[in-house]
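Structure first, then comments.
The values are calculated or read from the model by the stated rules, or taken from the named source; none is laboratory data. None of these values were measured; they are calculated from a predicted model. Here the Cβ positions follow ideal geometry from the backbone for every residue, glycine too, while neighbour counts run over all protein chains shown.
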Amino acid sequence: MSDDQRIYMPSRPLEAGSARYGVLSDFAPGKRTLEAGTRLAEPFCALPVDIVHDRDLEVTLRDGTVTHVDVFRPAGTEKVPVIVAFSPYGKGQGTSPSAKGVFDLVGLDNSKVSGLHKFEGPDPAYWCAQGYAICNPDIRGVVESGGDSVLWDRQEGRDAYDLIEWLGVQDWCSGKVAMSGTSYLAASQWFTAAEQPPHLAAINPWEGMSDTYRDLVLRGGIPDSGFARQLRDFSFWGHGRKEDIIAEADRYPLMNDLWENKIPRYEEIIVPAYVVASYSNTLHTQGTFRAWRRMSSPDKWLRIHNSQEWPDYYDEANREDLRRFFDHFLKGVDNGWEDTPRVRYSLLDLEGGDQVALGADSFPPRGVVSTKYYLDARTRTLGTEAPAEEASAQYVVGSNSPAVSFLTRFEDKTVLVGYPKAHLWVEVDGDDDMDLFVLVQKLDAHGTPLAQFTVPNQTARVHDATEYGGSILRYRGSDGRLRVSMRHLDDTLSTEEVPAHTFDRVEKLSAGEVVEIEIDLLPVGLVFYPREQLRFIVSGRSLLGSMMPGMPEYTSPYQGTHIVHTGGEHASYLQLPVQNS
């Protein structure tokens, strides 16, 4: 890719006293030992062991750019493996008001961590006590590191390669390097592992998107830029320039070399991987499952939890589970990790009876059958037989009821686990395009929609924050979206269960034209008890609102009447992954 497709904007320095400035944010090269019992700041935990802190070490990348890293390692002379937390978030940001505020938002006690950790990354207090070092880099263009920063890009993979190879030969390092972390720290691992640095021994992507176009800025071809704008504007603090992902999405709405360069080479990922996912993160879920499916690692494990990534990542039992994985692959410990089920999945019931850590050889598990539930616009129901008679249901975009829905009631216990998709015949009257949003929703036996919080914080404030948005904090069901003019399928990537679109062309609709589309929905693990119902909703507006509280909700520029055709030659259906009992 030619660099002239990238668009840059000025960065701003990280200022003392700002929301993302922490106790260790000052540039202060040197070495010191933090003694056991040290408390970096209130309300963080005390250090359990002596930790050597190498601060603002210089690492020169292959193009001559000088970056800076902090390394925390156990005191003593024993060589240890090191875990890298790679992201644009300042390496000294763990104690910042912003990081503390995230814990407060989801209901986590900040005393769970030491403040030495990078935001969303592994805590040196725990890992140094277990015989590991932690490396927190300020990556290219961030804080005092040189160069211009980029966002989720193969350039980051090459930079992380250089860092890993530098770490692997340090005199305190055993030669084994791993990566861990959630969100951005997870996404960066796909790019890095695809570069195959020789010293990289294992990765632990804990929920992270894996395609910047399809997951972040143009999911379904729809330019919903709320989180991308927040990421651009409130990260990548530095002295140079940073990539303007919003301007790029405006200039290049179709897939091109720029966006291809922001997709990792999944098939080149061969390192052992412990991947963690959920059904409920509208930014990360699709990308995490995609990367797990497509990576080539012969040693790969998937765990699908039932909460939100931050509480899950810092949970003591989950951290111990991760340590068993790292001990096995970084220290050669014979601890039985290889007997861990390759997939551990959860089933939600949204009524307090979730099942977790269900073992399987694959996802979906064996015995899951993709079953078509056909839409019937006459009765507004879903059924396993296609209606012989054609009919249609419609709504007006921007009206008080910009949606149509279809119901089915399960007479027996029914378990859905796998990949849903929608196969629809649609038409628009009064415009030449449609932004469609779909949702699979669970209703109780009385027709009441069910949802559940994914975080420990369930106060009135979080109720308010998730009433019309905050989708990662409260799970309402499996959703999908598509701009209909971007409906062209990619035959090389699509499967019967998971459609994939090329996003390389625009095919507008003409008056009276009925077109066939497929929409991928987020993977699902959902239990329906007898007499409970499933509602499938098709709408012209986002059904879940914004991803995080306070973000603006996307509004489609298209108007008109949306028409969903059913039955006969236009047999629209919802395909569901039904587990045989």
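Filtering the stretch 155-202 to residues that are more than 22 Å from PHE236 (Cα to Cα) and assigned to a helix (DSSP H, G or I) leaves GLU165, TRP166, LEU167, GLY168, ALA193, ALA194, GLU195.
There is no residue in the stretch 320-333 that is modelled with pLDDT of 95 or more and assigned to a strand (DSSP E or B).
Restricted to the stretch 307-333, and to residues there that are closer than 24 Å to VAL271 by Cβ and aliphatic (A, V, I, L, M), the residue that is surrounded by the most Cβ atoms within 10 Å (Cβ to Cβ) is LEU330.
Scanning the stretch 351-403 for residues that are part of a loop (DSSP other than H, G, I, E, B), closer than 21 Å to GLY447 by Cα and under 30 Å from the mean Cα position of the chain (by Cα) gives GLU351, GLY352, GLY353, ASP354, PRO402. Restricting attention to the stretch 538-571, the residues being part of a loop (DSSP other than H, G, I, E, B), farther than 22 Å from LEU522 by Cβ and small (Gly, Ala, Ser) number 4. Looking at the stretch 510-524, can you tell me whether even one residue there is outside any loop (DSSP other than H, G, I, E, B), modelled with pLDDT of 95 or more and touching a Ser or Thr at 6+ places or on another chain (Cβ under 7 Å)? Yes; the residues of the stretch 510-524 include at least one that is outside any loop (DSSP other than H, G, I, E, B), modelled with pLDDT of 95 or more and touching a Ser or Thr at 6+ places or on another chain (Cβ under 7 Å).
Looking across the stretch 525-537 at every residue that is outside any loop (DSSP other than H, G, I, E, B) and out of contact with any Asp or Glu (no Cβ under 6 Å at 6 or more places or on another chain), the one that is surrounded by the fewest Cβ atoms within 10 Å (Cβ to Cβ) is identified as ILE537.
Considering (1) buried (at least 18 other Cβ atoms within 10 Å of the Cβ); (2) under 23 Å from the mean Cα position of the chain (by Cα), the lone condition that TRP337 does not fulfil carries the number (2). Selection of the stretch 404-430 for residues being under 27 Å from the mean Cα position of the chain (by Cα) and either under 15 Å from LEU382 (Cβ atoms) or in a strand (DSSP E or B) (or both) yields VAL415, LEU416, VAL417, GLY418, PRO420, LYS421, ALA422, HIS423, LEU424. For the stretch 431-448, a residue qualifies if it is part of a loop (DSSP other than H, G, I, E, B) and closer than 24 Å to LEU218 by Cα, and the qualifying residues are ASP431, ASP432, ASP433, MET434. I need the full set of residues from the stretch 466-512 which are within 22 Å of ARG293 (Cα to Cα), in contact with a His (Cβ under 7 Å, 6 or more places away or on another chain) and loosely packed, with under 15 Cβ neighbours inside 10 Å, in order please. Across the stretch 466-512, the qualifying residues are LEU489, ASP490. Is it true that some residue in the stretch 201-216 is crowded, with 22+ Cβ neighbours inside 10 Å, within 28 Å of GLU35 (Cβ to Cβ) and assigned by TED's automatic domain parsing to the domain that holds ASP50? No, the conditions are met nowhere in the stretch 201-216. VAL66: within 26 Å of LEU167 (Cα to Cα), at pLDDT 95 or above and surrounded by fewer than 22 Cβ atoms within 10 Å (Cβ to Cβ), yes or no? Answer is yes for this residue. For the condition modelled with pLDDT of 95 or more, surrounded by fewer than 20 Cβ atoms within 10 Å (Cβ to Cβ) and among the small types (Gly, Ala, Ser), what is the one hit in ALA460, ALA422, ALA393? That would be ALA460, the only listed residue that is modelled with pLDDT of 95 or more, surrounded by fewer than 20 Cβ atoms within 10 Å (Cβ to Cβ) and among the small types (Gly, Ala, Ser).
Quick grid of which residues meet (1) under 26 Å from SER572 (Cα atoms); (2) among the small types (Gly, Ala, Ser); (3) surrounded by 15 or more Cβ atoms within 10 Å (Cβ to Cβ):
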{"site": "ASP354", "(1), (2), (3)": "no, no, yes"}
{"site": "SER362", "(1), (2), (3)": "no, yes, no"}
{"site": "TYR373", "(1), (2), (3)": "yes, no, yes"}
{"site": "ASP376", "(1), (2), (3)": "yes, no, yes"}
{"site": "ALA388", "(1), (2), (3)": "yes, yes, no"}
{"site": "SER399", "(1), (2), (3)": "yes, yes, no"}
{"site": "LEU407", "(1), (2), (3)": "yes, no, yes"}
{"site": "VAL415", "(1), (2), (3)": "yes, no, yes"}
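Here is a yes/no grid of residues against (1) of a type in the set (A, V, I, L, M, F, W, C); (2) closer than 22 Å to ILE537 by Cα:
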{"position": "VAL428", "(1), (2)": "yes, yes"}
{"position": "ASP433", "(1), (2)": "no, yes"}
{"position": "PRO449", "(1), (2)": "no, yes"}
{"position": "ASN457", "(1), (2)": "no, no"}
{"position": "ARG461", "(1), (2)": "no, no"}
{"position": "LEU473", "(1), (2)": "yes, yes"}
{"position": "MET486", "(1), (2)": "yes, yes"}
